[in-house]
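Below: one structure, written as structure tokens.
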């Protein structure tokens, strides 16, 4: 793929240099290649991230500060051709306990290590990677992109909530109409948040914690899945307050997942709007779920997880209040590799996911506020999440207890001279609903904990 991109890059440069043969008899000085390239756009990104996790009881706490910067370039478009590349480096400023096992439980760090390279915890200053590298071609409303690119969909996405995001390698085709957008893509590699390496799709299963299989044994699918890649198709529609989207994800030889969502906004008097939303997903295994051995496969052939989500929101002036709901059936576990993105469900909240769960429900209240201070925004959330039993591994892959979930976020976006600079503070608390029989092994980094974050982000 990279060799193909380099060859295409050289061809596109020759197009810049020689493709504009003027038929006019007047001698007009043509712009040079370097002048064409200088008209492209450079972008800069600086980011620092301080994170700390405070666990209840005698288990250890964690803290770290990461900082990094990157630069990218997007060429001008010529006859529909365009290319882009960018890279980023990260280094550790300080850390506390993130690379040692907890002396009580033997458990490792969960959140902070993903700011760096979880596959090489000793690496603190050589955390650089080439991310986007693609050649694009646009014809009218159709655009082709070949190479390493960012993708944002409800399930497969950049999950950009640490230092660096996911980036996917493949070929995408999009059609952007006035009301309709369609997307199709084939993906064969991914670089994952919290790593600096590129993975083939079958090797990306199990990079993150892989929980237990339905038999209650540690999952053993890492390195044992066979898949050529991911195919996705999407359809998005928007018109007069109505927004719909449908996505289908096929992990070849492993599973198929369909996702649909409908949202509608009703305008009322006195600057009031009512927002209604409904979403759902359904999943089933393909062939043997990645491996004919049930002990080594990703998803059992009989697992057919489905979920339904709903949202009722009211916007008035600077206030947005919404009630969100999610239920997943007991026919299997909702399985979508965490390495490929973070699910964007109405009931989603920071620092926990619903992936891996079945026979569960969540009730979430969210409140967004545009404050009277110019540039200052606030978000708050409170959730009640009911999981099946911690040892019911047919519907609870990670053995997560039922919990209460609270979040608070303040974000300040600078304007004028410092436009592009953002400060963000995020505080998250998860508290177990029932602490009876809840050992430190089941509690650490899951419930009865605080996670605190302060982020400085600057882009131009």
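When the helix-only estimate is applied to the chain (DSSP H runs of n ≥ 4, each -39,500 (n - 2.57), divided by the residue count), what is the mean residue ellipticity at 222 nm, nearest 500 deg cm²/dmol? Provide the component values of the computation, followed by the final result.
Working: 4 runs with 31 residues, N = 460.
Taking each H run of at least 4 residues, the total per residue is -2000 deg cm²/dmol.
State, in angstrom, two size descriptors of the range 239-298 derived from its alpha carbons: Rg to one decimal place and Dmax to the nearest whole number.
18.8, 61
Please order 352, 112, 411 by the number of other Cβ within 10 Å, starting at the fewest.
With the fewest neighbours first, 352, 112, 411 line up as 411, 352, 112.
Please report, for the Cα atoms of the range 266-308, the Rg to one decimal and the Dmax as a whole number; what are they, in angstrom?
Here Rg and the maximum Cα pair distance are 20.1, 61 Å.
Return 409, 257 ranked ascending by Cβ neighbour count within 10 Å, so the fewest neighbours appear first.
Details: 409 17, 257 21.
The order, fewest Cβ neighbours first, is 409, 257.
Against the globular-protein guess of 2.2 N^0.38 Å, express the Cα radius of gyration of the range 33-102 as a ratio, rounded to two decimals.
Ratio of Cα Rg to 2.2 N^0.38 Å: 1.84.
So for the chain, averaging the separation of alpha carbon pairs under 8 Å that are six or more residues apart and normalising by length, what relative contact order in percent results?
Value for the chain: 12 percent.
Using Stokes-Einstein with the Kirkwood hydrodynamic radius over Cα pairs, what translational diffusion coefficient do you get for the chain at 25 °C and a viscosity of 0.890 mPa s, in µm²/s rounded to a whole number? Display every interim value, and only then the final one.
Details: Rh = 24.1 Å.
Stokes-Einstein gives a translational diffusion coefficient of 102 µm²/s.
Shape of the range 242-394 from its Cα gyration tensor (a ≥ b ≥ c, root eigenvalues): rounded if a/c is under 1.5, otherwise prolate when a/b > b/c, or oblate?
prolate
Bear in mind that the values in this text are calculations on the coordinates, not laboratory data. These numbers come from a predicted model, not from an experiment. Every residue, glycine as well, gets a Cβ built from its backbone with ideal geometry; the counts of neighbours run over all protein chains shown.
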